[in-house]
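One structure below.
The values are calculated or read from the model by the stated rules, or taken from the named source; none is laboratory data. These numbers were taken from a predicted model, which means no experiment stands behind them. When we count neighbours, we look across all protein chains shown, and the Cβ atoms used for this are built from the backbone with ideal geometry, even at glycine.
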Amino acid sequence: MVGVDSIDVAVIRSRLPEHIAVLSYRVGDDETDVFVTTREGTQTVRLAVGTDGVDRLVKDYLQALSPTRRAPGDLDSVTEAAREAWDALAAPAAPLLEGRSTVIVVPDGNLYRLPFGALHDGSGWWIERVDLVSVPSLNVADVLL
């Protein structure tokens, strides 16, 4: 994770309580890396979605949320878009989050517009399972810790 942010990740890890994980996204042209940092270390998960795919997922989800694009009370399109975003952006890293009750998300690029807590894993919304905090950088996460 060297070069991902100006803060030393070892410092972040030393300050992380056992129940917190940090997901740091780095969106590339063809793929996206997710750095999952816990007290035990940092693991990288490579996602098969790059800038164009991320932009499409975010656009589709935000359009599904728009009250002018759906009937009142109709959550099917929202849930579908939230599930698609979950599958592409969070599900591959989810096994590394087992046992964590708080997840700090450091988005990148267009992911800053995505409400991570409102992603759906097929059985529920992510925010129903963990406390989620979105921060603009690892430096901010370090200050919060």
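Being among the β-branched types (Val, Ile, Thr) and out of contact with any helix residue (DSSP H, G or I) (no Cβ under 6 Å at 6 or more places or on another chain) is the filter here; which residues of region 122-145 pass it?
Matches in region 122-145: Val130, Val133, Val140, Val143.
Consider Ala93 carefully, then state whether it is at pLDDT below 95, on the phi < 0 side of the Ramachandran plot and buried (at least 17 other Cβ atoms within 10 Å of the Cβ).
The answer is no for Ala93.
State the number of residues belonging to region 26-43 that are without any contact (Cβ under 8 Å) to a residue 40 or more places away in the chain and surrounded by 14 or more Cβ atoms within 10 Å (Cβ to Cβ).
Qualifying residue count for the region: 6.
So, of the residues in region 65-119 that are in a loop (DSSP other than H, G, I, E, B) and among the small types (Gly, Ala, Ser), which turns out to be nearest to Arg46 (Cα to Cα)? So that I can check it myself, show each step before the final result.
Looking only at region 65-119, we keep the residues that are in a loop (DSSP other than H, G, I, E, B), and these are 66-75, 90, 98-101, 107-108, 114-115, 119.
Going one step further and asking which of them are among the small types (Gly, Ala, Ser), we end up with 66, 71, 73, 90, 99, 101.
On the way: Ser66: 30, Ala71: 36, Gly73: 36, Ala90: 11, Gly99: 22, Ser101: 23 Å.
That would be Ala90.
Which number in (1) more than 17 Å from Ser24 (Cβ to Cβ); (2) surrounded by 19 or more Cβ atoms within 10 Å (Cβ to Cβ) marks the one condition that Ser123 misses?
Ser123 satisfies every listed condition except (2).
Collect the residues in region 96-106 that are of a type in the set (Val, Ile, Thr) and either in contact with a Pro (Cβ under 6 Å, 6 or more places away or on another chain) or surrounded by fewer than 17 Cβ atoms within 10 Å (Cβ to Cβ) (or both), keeping them in residue-number order.
Across region 96-106, the qualifying residue is only Thr102.
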